[in-house]
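One structure below.
The values are calculated or read from the model by the stated rules, or taken from the named source; none is laboratory data. Note that this is a predicted model, so its numbers are computed, not measured. Counting neighbours? That spans all protein chains shown, and the Cβs are built from the backbone with ideal geometry, glycine included. These accessible areas exclude ligands, DNA and RNA; they are computed on the full protein's heavy atoms, side chains included. Shrake-Rupley method; radii C 1.70, N 1.55, O 1.52, S 1.80 Å.
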Amino acid sequence: AIGSCNINSLSLAIFCDRGDFEEKMKLQNISRAHFHRWGLDTQGEENIQPGAEFYGLKDTVKLLGHDNLDVIDVFKIDCEKCEWRIYRDWLLSGLPSLQQIQVEIHSGNIGKMHQAEKHDHDISPEIPFFEFLEEAGYVRFHKEPNIQYNDGSCEEYAFLKLDKEFFAARKKMLAERNITRVDI
C-alpha cells in the first residue's frame, strides 16, 4: 500500500532477544517493526519449510507477504558475511524491484566467504559484487567505514537504482578509450 512502511528484522543471533526487540519498538512507538528469527541464505528451490533457520530472499519475501509488491523502497542488509553468497539473489526475477540497497560488506578472509563463486585470482572478489550491481542499474551514493562496533573490517554502502541509460555515456567513453574495468 502507498504510504505504508514496515521494518522486518531477521536474525538468528542470540543477542537479539525477540521480547527485547519488540519492547524497544513499542517504547519508541514503532508499531510496524517485526522481528523474525531466521537468517538469509542462497535461494534454493521454492519450497518453504516452516521453522527453518534460513530462507532465501524469495522465500522471505513470500513469508512476509510482500510477494505481491512491485517495489521495495529500501532493502537494508547486514548479514555478517553472507552478502558474498547471496547478493545475486537480491535481483532474482519474481522479486519486487529494490529501489535502494543498503549493505554492510565485510572483508577479512574473503576467499572462504566466496567459496560458491570462482573468481580470477588477480581480481578482488569485491569487484564482481560492484560490477553486478552496476550492470543491474545501481549506483553507489554512500560509503562509510563501520568503526563503531568492529575493527573497521566492514563498510556500509548504499546503492540507488537508476535507469540503465544513466550508464550509457560512461560505457561509450570507456569503449572509445579501450578502458576495461580492471584498468579503472
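Tabulated results
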item	result
Positions within region 111-130 being out of contact with any helix residue (DSSP H, G or I) (no Cβ under 6 Å at 6 or more places or on another chain) and either modelled with pLDDT under 70 or farther than 19 Å from C79 by Cβ (or both), in sequence order	G111, K112, Q115, E117, K118, H119, D120, H121, D122, I123, S124, I127
When residues of region 146-160 are limited to those that are at pLDDT 90 or above and aromatic (F, W, Y), the one surrounded by the fewest Cβ atoms within 10 Å (Cβ to Cβ)	Y157
Residue in region 161-182 that is closer than 30 Å to G65 by Cβ and at pLDDT 90 or above present	yes
L133 vs. criteria open to solvent by less than 60 Å² (accessible area, probe 1.4 Å) and modelled with pLDDT of 90 or more	yes
Search result, residues across region 31-40 that are open to solvent by 50 Å² or more (accessible area, probe 1.4 Å), in a loop (DSSP other than H, G, I, E, B) and touching a strand residue (DSSP E or B) at 6+ places or on another chain (Cβ under 7 Å)	R32
Long-range neighbours under 8 Å by Cβ, at least six apart or interchain, first residue open to solvent by 70 Å² or more (accessible area, probe 1.4 Å) within region 161-177, second not in a loop (DSSP other than H, G, I, E, B)	F166/V139
Selection count, region 77-103, where residues are part of a helix (DSSP H, G or I) and more than 20 Å from D151 (Cβ to Cβ)	7
Unique residue being open to solvent by 30 Å² or more (accessible area, probe 1.4 Å), of a type in the set (K, R), modelled with pLDDT of 90 or more and over 24 Å from E46 (Cα atoms) when the list is K62, K143	K143
